[in-house]
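To start, the structure under review is shown below, and the notes come after it.
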Amino acid sequence: MAAQSPNNRTADGRLTSEQPVLLVPGSHFFTACAPLSAGTAERELPGLAALALEADSPFAEEQLARGYYAVRTAGGLVVFAALRRKFVAQQEPWAQAGFVVPDFATWLPRVETASGIVVLETPEAVTALEFAPGSPLPRRIVSRPVPTEPGGEDGMALTRERVLTQIEPGGRRVRRYRLNAVRCTVKGRRFQINWELQEGSAAKPEPVVLTAAQLWAMDVRDPAFLRQKRRDFQWNHRAWGALVGLGVAAALLVVAEFALLGVRLLNAAREARVEAQTPAARRAEADSDIVARLAGYIDRKPQPLELLGAVNDVRPRSIYFTKVSVDGGLQMVIDGATSSLAEVNEFEAALRRVPAVAAVEVKNTRAREGGGTFQLMLSFRAGAALAPQTASQSPTRPTP
C-alpha cells in the first residue's frame, strides 16, 4: 500500500494535507541497474530505462508502474518497477498527489560517494542500498515490507535484519536513516525529503532535495497521465508567475480604471453588434466555402474516373483491379491480380504507349497458384487528352 501520511510542510513551516510527494513502499518494487555511455542525451534516457527493464522483467511494459533515476556524468542508471495491478485501490490518492515515487528513490539524488550500505526505514518498509567505492548510484537495492505482527520498532528491526542478510554487509559500514514524521518540505519548486540519521554519526545529515524534473522521471504513474499532469504543473507555475505580475500591474491600473470605464461600455456595445451579425457572417462564409469547393472540383481535370478509364482501355481481360487510389490528381496506385503474370509485362508496355501516361512502374509482383498479384504506380501528364472509358470493361472487381 502506498504511504498515505499527510505530513508535508510548506516553505513557511505550515503543515498541509496535500501530497506534493507521495511515497510508495520500496518493497513493492524490483530494480535494475545499467551503465550509461558518455554523452547520453536526456531524451534518450526513457528509452534506455525501458530497455534495461525489459532485460530483467518477465512482465510486459504496460503491466508495470515504472520510473528511473540517472546520473549521466557518472554513467549510471537505476530503473524500478512494480506490477500496476497492486495499486488499483490507490488510484484516487495517486491522481491527487503531485508526484508518486518509491521511498528509496528519494535517496538517489544524494549521489553517495562513500562505499558501504545505506538502510532506509519507514513504517511500511525497510530498504538497503549497497554502494561500491566511488559509485554515486547503488549497485544493488533490497527492500522488504515491515510485518504487522510484530509491528513498530520490533517489526522494523526484524525486517532490517532480513534485508541485511540479503546484502551480507561483511564488515562494511552500515548507516541507518529513518523518514521523519514530516516527510516532505516544499520550498518553491524544490522538494526536500527529510531522512534522519539513526546511528553511526553525531552530525546531522544534509537533507535530500529533489527537483521537479527528477521527480517526473521517478514518478511511477501511467505515462499518459503523467504527460497531462506535467503540462498542468508547468502551466500552473507559469500562471502563478503571471498572476504575481498582474497583481503589480493591477495596482497601477486602479488609478486609470474610471477613465477606462467609458471605453469598456463602448466596447460592450460594439461586441453586441458584432455578435448580432455573427450568424449571418457564418452563413455567408459557409456558402462561399461550398461554392469554392464545388468550383474547384468541377474545374479540376482530369477526373479520377477518366484516368481509370484510360488505364482500363488497355487492360488485358486476364487482369483485374482490386484497389485503386488517386493522389494529387495525376498520381494513381493500382493493386491488381491476374491469372497470367506474363500479361502484366504486356499491360505495362501497353500503358507506356498511352499518350496521357507519363510514367509506369510495376512493383510488389507476387506469384501464387493460378496467377499472382502486382501493384502499378502511374503518373499522368497534366492537360493530356484522355480517351473515354470503355463501357464493355469493368475497372475493378472484388478479389475472388
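The values are calculated or read from the model by the stated rules, or taken from the named source; none is laboratory data. This one's a predicted model, so the numbers in the text were calculated from it and none came from an experiment. Cβ placement follows ideal geometry from the backbone for every residue including glycine, while neighbour counts extend to all protein chains displayed. Areas reflect the complete protein model, heavy atoms only, side chains present, ligands, DNA and RNA absent. Shrake-Rupley method; radii C 1.70, N 1.55, O 1.52, S 1.80 Å.
General remarks:
- So residue 78, is it touching a Leu at 6+ places or on another chain (Cβ under 7 Å), crowded, with 21+ Cβ neighbours inside 10 Å and modelled with pLDDT of 90 or more: yes
- Cβ pairs under 7 Å, 6+ apart, first in the range 326-340 and touching a residue at least 60 places away in the same chain (Cβ under 8 Å), second loosely packed, with under 14 Cβ neighbours inside 10 Å: 337/399
- Unmet criterion (only one of (1) more than 12 Å from residue 376 (Cβ to Cβ); (2) aliphatic (A, V, I, L, M); (3) within 42 Å of the chain's Cα centre (by Cα)) for residue 362: (1)
- Selection status of residue 369, modelled with pLDDT under 85, out of contact with any strand residue (DSSP E or B) (no Cβ under 6 Å at 6 or more places or on another chain) and among the charged types (D, E, K, R): yes
- Given (1) crowded, with 16+ Cβ neighbours inside 10 Å; (2) farther than 16 Å from residue 21 by Cα, number of the condition residue 73 does not satisfy: (1)
- Considering (1) under 27 Å from residue 226 (Cα atoms); (2) buried (at least 20 other Cβ atoms within 10 Å of the Cβ); (3) at pLDDT below 90, the lone condition that residue 188 does not fulfil carries the number (2).
- Residues that are more than 19 Å from residue 198 (Cα to Cα), assigned to a loop (DSSP other than H, G, I, E, B) and at pLDDT 90 or above within the range 139-155 comprise just one, 147.
- Tally of residues being open to solvent by less than 60 Å² (accessible area, probe 1.4 Å) and either in a strand (DSSP E or B) or more than 18 Å from residue 352 (Cα to Cα) (or both) across the range 313-325: 7
- Some residue of the range 64-83 being part of a helix (DSSP H, G or I) and either touching a residue at least 12 places away in the same chain (Cβ under 8 Å) or within 25 Å of residue 229 (Cα to Cα) (or both): no
- Of 231, 238, all but one fail to be modelled with pLDDT under 80, basic (Lys, Arg) and either open to solvent by 70 Å² or more (accessible area, probe 1.4 Å) or in a helix (DSSP H, G or I) (or both); the exception is 238.
- Check on residue 59, of a type in the set (Phe, Trp, Tyr), out of contact with any Leu (no Cβ under 6 Å at 6 or more places or on another chain) and open to solvent by 20 Å² or more (accessible area, probe 1.4 Å): yes
- When the range 109-149 is filtered for residues that are of a type outside the set (A, V, I, L, M), open to solvent by 50 Å² or more (accessible area, probe 1.4 Å) and out of contact with any Lys or Arg (no Cβ under 6 Å at 6 or more places or on another chain), the ones remaining, listed by number, are 110, 113, 115, 123, 124, 133, 134, 139, 140, 145, 148, 149.
- With respect to being among the aliphatic types (A, V, I, L, M), outside any loop (DSSP other than H, G, I, E, B), under 36 Å from the mean Cα position of the chain (by Cα) and buried (at least 22 other Cβ atoms within 10 Å of the Cβ), residue 182 falls outside the description.
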